[in-house]
Each structure stands twice: as C-alpha cells, then as structure tokens.
Amino acid sequence: MGWILVILAGCAEIVYAAAMPRTDGFTRLLPSLFCVFFIAMSMYLLSLASRTLPIGTAYAVWVGIGALGTAAYGMIMLGEDRSIGRIVCFALILSGIVGLKLLSGDER
C-alpha cells in the first residue's frame with residue numbers, strides 16, 4: 001500500500017507543478033487554491049506512505065515521479081526541449097526510481 005500512496009503523491013505533485021504557472025505567482029485565487037489543494041494532497045499522501053516505507057526511499061521516489069511527470073507534461077503540452085541529452089538524463093532519474101524500488105526491503 002505504501003508504494004501506491006507514493007505513486008498517488010507523485011501524481012498530485014505533477015498536477016500542482018503543472019498548475020503552478022496558472023497561479024501567476026499565487027495572485028490568481030482559483031488556480032492558487034487548486035494548486036495549494038494538490039500540494040497538500042501530495043504531502044499528505046507522502047506522509048501516509050512514510051508509515052510503511054523508509055522516508056528516504058519514499059521521498060526520492062516521490063520527487064522522481066514529480067520531476068519526470070512534470071518534465072513529460074512540459075515536453076508534450078508546452079513544447080519544451082526534447083533533446084536526446086535531456087531525455088537521457090530523465091531516463092537516468094527513472095532508472096534510479098526503479099532501482100530504489102527493486103533494492104528496497106519489504107515494507108516495515
């Protein structure tokens with residue numbers, strides 16, 4: 001269950017990161033409330049996951065999911081740079097996430 005919570009927390013992180021530019025520096029009320037809701041949701045889910053997973057592993061995977069998901073959103077939806085070098089770097093992050101999952105012991 002801890003891994004599912006980390007994945008959901010990472011997805012909430014992607015949503016808030018994608019929404020953040022719409023807040024215009026948190027000066028627009030509705031986009032700001034939407035963003036803050038998903039920030040809180042992401043943190044809450046991560047805190048639940050840390051009940052059964054080591055916090056270092058859970059945090060690293062959570063950050064990785066957020067970084068990769070936000071980068072994919074930027075490349076697909078916002079036309080950001082899709083260079084081979086950038087994609088290789090993101091693949092390295094993904095391999096680190098997979099490695100942490102494979103090398104982590106059973107949930108506490």
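The values are calculated or read from the model by the stated rules, or taken from the named source; none is laboratory data. Small disclaimer: the values here were computed from a predicted structure and weren't measured. Neighbour counts run over all protein chains shown; Cβ positions are idealised from the backbone, glycine included.
A few remarks follow.
- Answer residue from segment 32-80, given it is more than 10 Å from the chain's Cα centre (by Cα), among the polar types (S, T, N, Q) and buried (at least 16 other Cβ atoms within 10 Å of the Cβ) and is nearest to M20 (Cα to Cα) among those: S32
- Selected residue [under 21 Å from M1 (Cα atoms) and modelled with pLDDT of 95 or more] from A60, A40: A40
- Complete set of residues in segment 91-101 that are surrounded by fewer than 16 Cβ atoms within 10 Å (Cβ to Cβ) and of a type outside the set (V, I, T): A91, L92, L94, S95, G96, G99, K101
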